[in-house]
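Handing you a structure now.
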Amino acid sequence: MKTKNILRLFFTAAFIFGTFAMNAQTKIYIHKKNGTVDEYNIADLDSISFTPPSSIDYSKLRLNEVSGVGGDDEKFYELINTGTADINLAGCKIYYNANGSNGGSFPPTDNRLTWTGDATQVARAGQLFSLIGRNNPGSFTTGLTAQRILVITLEDPNGNVLDQCLRAEDTAPYAIADQSFSRIPDGTGPFYFTTPTPDELNGMSATNLILAPTTQEKLVINEVDGNGKFVEIYNRGTVAISLEGYTLVKNDLQTWWTGKAAASIPAGGYYTIAQSGGAEGADEYTGANGISPKQNVKFELKNSGETLVDSFTRTNGGNWGDGVTPDYGSGTKYSFSRIPDGIGNFQLGVPSCNAVNGASAGDIMTNP
């Protein structure tokens with residue numbers, strides 16, 4: 001085996017140096033068995049190796065929790081490897097982008113590199129990897145605050161964006177300074193404001209937690225009721241907004257409702273669209289048919305430019321319209337409601353057409 005390796009190195013070196021000599025050290029020609037030839041400029045080559053390129057699947061690496069709470073030694077970034085193979089973090093990067101004070105535009109523009117992984121750092125399959133404490137060896141270097149509009153970006157060694165943690169507002173109800181941003185469920189869910197849990201899983205339940213806002217849009221889907229057959233929109237802004245041209249799209253295919261010129265929603269107010277024969281108290285009964293508490297369903301709210309503003313999804317991973325358990329259409333009939341209005345995550349609630357959503361009745365389950 002040693003002799004073969006020596007011969008291999010010898011012939012490789014002879015081939016390369018011979019090629020250099022024949023082409024005035026400007027080109028390399030690779031002659032293939034099928035008779036074709038690949039030509040390369042030597043000046044364009046960084047190195048020549050018999051080792052295949054890395055096959056690491058960086059797409060399984062996610063931001064799991066970001067905390068700017070406490071002193072510099074308490075703040076942390078937590079990653080999670082959602083795959084089945086270890087990931088060497090050499091060359092991976094985290095960028096911190098935040099406004100210099102409360103408020104301001106979104107997204108901010110002060111993008112700063114705060115961490116670059118080295119070869120000793122490995123995210124084990126299915127495990128967490130945490131960077132705890134600013135300026136610790138191998139940890140992050142820039143400031144990290146709990147109360148800013150910010151964008152945290154995770155990139156692979158080639159500069160591809162793997163994941164982001166966003167906070168689009170930090171005024172009014174968003175002036176939350178003692179909470180971290182945590183994915184629930186771990187690795188896959190959206191970010192919520194939570195008590196910091198460095199190097200610990202965040203769990204599955206988001207009951208009574210507030211979503212970290214990812215947009216400065218003021219309109220949100222606030223309630224979806226498959227029993228009362230309505231969708232409620234809420235304006236969490238400070239001025240009235242015209243609904244002309246807005247649409248609700250159901251299950252990616254059906255335009256379930258389109259806002260007319262006369263439709264508007266006051267600041268802090270509701271606007272409810274029901275199907276014909278739906279719950280009393282709605283503003284319109286023009287919604288297309290097909291809302292059911294027993295099926296996979298998706299609603300998207302889009303503005304007049306067809307840009308996605310907000311969405312609601314209940315799915316067990318099957319096709320839209322497939323049956324889902326538990327059956328919230330029999331026994332106690334729940335709706336899917338943001339709790340609290342406008343800023344909370346979707347939970348089970350007592351239907352409240354054009355009214356404040358009440359206390360949570362628990363998480364929305366699918367095929368438990």
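Using the structure shown, decide if residue 150 is under 21 Å from residue 198 (Cβ atoms), at pLDDT below 95 and of a type in the set (A, V, I, L, M).
Working: under 21 Å from residue 198 (Cβ atoms): yes; at pLDDT below 95: yes; of a type in the set (A, V, I, L, M): yes.
It is true that residue 150 is under 21 Å from residue 198 (Cβ atoms), at pLDDT below 95 and of a type in the set (A, V, I, L, M).
For the range 165-177, indicate whether the set of residues that are closer than 15 Å to residue 78 by Cβ and not in a loop (DSSP other than H, G, I, E, B) is non-empty. Walk me through it before giving the result.
Taking the range 165-177 as the starting set, the residues that turn out to be closer than 15 Å to residue 78 by Cβ are 165.
Remaining after also requiring not in a loop (DSSP other than H, G, I, E, B): 165.
Scanning the range 165-177, I find at least one residue that is closer than 15 Å to residue 78 by Cβ and not in a loop (DSSP other than H, G, I, E, B), so the answer is yes.
Looking at (1) open to solvent by 10 Å² or more (accessible area, probe 1.4 Å); (2) at pLDDT 95 or above, which is the one condition that is false for residue 50?
Residue 50 satisfies every listed condition except (2).
The rows are residues; the columns are (1) basic (Lys, Arg); (2) touching a residue at least 12 places away in the same chain (Cβ under 8 Å); (3) in a loop (DSSP other than H, G, I, E, B); (4) in contact with a Lys or Arg (Cβ under 9 Å, 6 or more places away or on another chain).
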position	(1), (2), (3), (4)
260	yes, yes, yes, no
273	no, yes, no, no
280	no, yes, yes, no
289	no, yes, yes, yes
298	yes, yes, no, yes
304	no, yes, yes, no
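Of all residues being open to solvent by 20 Å² or more (accessible area, probe 1.4 Å) and of a type in the set (A, V, I, L, M, F, W, C) in the range 254-281, which is nearest to residue 351 (Cα to Cα)? Just the residue, please.
The qualifying residue nearest to residue 351 (Cα to Cα) is 279.
On the basis of being free of Cβ contacts under 8 Å to residues at least 40 places away in the same chain and either open to solvent by 20 Å² or more (accessible area, probe 1.4 Å) or assigned to a loop (DSSP other than H, G, I, E, B) (or both), does residue 327 make the cut? Don't jump to the end; show me each part of the working.
Details: free of Cβ contacts under 8 Å to residues at least 40 places away in the same chain: yes; either open to solvent by 20 Å² or more (accessible area, probe 1.4 Å) or assigned to a loop (DSSP other than H, G, I, E, B) (or both): yes.
Answer is yes for this residue.
To keep it simple, each residue is scored yes or no on (1) open to solvent by 20 Å² or more (accessible area, probe 1.4 Å); (2) in contact with a Pro (Cβ under 7 Å, 6 or more places away or on another chain); (3) more than 17 Å from residue 63 (Cα to Cα); (4) not in a strand (DSSP E or B).
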site: 182; (1), (2), (3), (4): no, no, no, no
site: 188; (1), (2), (3), (4): yes, no, no, yes
site: 193; (1), (2), (3), (4): no, no, no, no
site: 198; (1), (2), (3), (4): yes, no, no, yes
site: 222; (1), (2), (3), (4): no, no, yes, no
site: 227; (1), (2), (3), (4): yes, yes, yes, yes
site: 232; (1), (2), (3), (4): no, no, yes, no
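Can you spot a residue in the range 333-350 that is over 18 Å from residue 190 (Cβ atoms), part of a loop (DSSP other than H, G, I, E, B) and open to solvent by less than 20 Å² (accessible area, probe 1.4 Å)? Show your work before the answer.
Step one: filter the range 333-350 for residues over 18 Å from residue 190 (Cβ atoms), giving 333-335, 349-350.
Still in the running and part of a loop (DSSP other than H, G, I, E, B): 333-334, 350.
Still in the list and also open to solvent by less than 20 Å² (accessible area, probe 1.4 Å): none.
Checked against the condition, which is being over 18 Å from residue 190 (Cβ atoms), part of a loop (DSSP other than H, G, I, E, B) and open to solvent by less than 20 Å² (accessible area, probe 1.4 Å), the range 333-350 yields no hits at all.
Select the strands (runs of 3 or more DSSP E) contained entirely in the range 76-136, then report the ones holding at least 1 residues which are open to solvent by 30 Å² or more (accessible area, probe 1.4 Å), farther than 16 Å from residue 160 by Cβ and touching a residue at least 60 places away in the same chain (Cβ under 8 Å).
128-132
Regarding residue 238, is this residue touching a Ser or Thr at 6+ places or on another chain (Cβ under 9 Å) and open to solvent by 60 Å² or more (accessible area, probe 1.4 Å)? It would help to see each step written out before you state the result.
On the way: touching a Ser or Thr at 6+ places or on another chain (Cβ under 9 Å): no; open to solvent by 60 Å² or more (accessible area, probe 1.4 Å): yes.
No: the conditions fail for residue 238.
Please verify whether the range 316-323 includes one or more residues that are open to solvent by less than 40 Å² (accessible area, probe 1.4 Å) and more than 23 Å from residue 271 (Cα to Cα).
Keep residues of the range 316-323 that are open to solvent by less than 40 Å² (accessible area, probe 1.4 Å), which gives 318, 321.
Okay, now just the ones that are also more than 23 Å from residue 271 (Cα to Cα), so 318, 321.
Yes, the conditions are met somewhere in the range 316-323.
How many residues are out of contact with any Leu (no Cβ under 9 Å at 6 or more places or on another chain) and farther than 16 Å from residue 337 by Cβ when one looks only at the range 218-244?
Residues in the range 218-244 being out of contact with any Leu (no Cβ under 9 Å at 6 or more places or on another chain) and farther than 16 Å from residue 337 by Cβ: 6 in total.
Whether any residue in the range 62-71 is over 20 Å from residue 167 (Cβ atoms), of a type in the set (Asp, Glu) and at pLDDT 95 or above is what I want to check.
If we filter the range 62-71 for residues that are over 20 Å from residue 167 (Cβ atoms), which is where we start, we get 71.
When the remaining residues are screened for being of a type in the set (Asp, Glu), the result is none.
For the range 62-71, residues over 20 Å from residue 167 (Cβ atoms), of a type in the set (Asp, Glu) and at pLDDT 95 or above: absent.
With respect to residue 242, is the statement that it is of a type in the set (S, T, N, Q) and more than 27 Å from the chain's Cα centre (by Cα) true?
Values: of a type in the set (S, T, N, Q): yes; more than 27 Å from the chain's Cα centre (by Cα): yes.
When the stated conditions are applied, residue 242 passes them.
Please find, among 251, 160, the residue that is open to solvent by less than 30 Å² (accessible area, probe 1.4 Å) and over 22 Å from residue 344 (Cα atoms).
On the way: 160 fails: open to solvent by less than 30 Å² (accessible area, probe 1.4 Å).
Answer to the selection: 251.
The values are calculated or read from the model by the stated rules, or taken from the named source; none is laboratory data. Note that this is a predicted model, so its numbers are computed, not measured. A quick note on method: Cβ atoms are made from the backbone with ideal geometry, for glycine too, and the neighbour counts reach across all protein chains shown. Side chains are part of the model used for accessible areas, which takes the heavy atoms of the whole protein and leaves out ligands, DNA and RNA. Shrake-Rupley method; radii C 1.70, N 1.55, O 1.52, S 1.80 Å.
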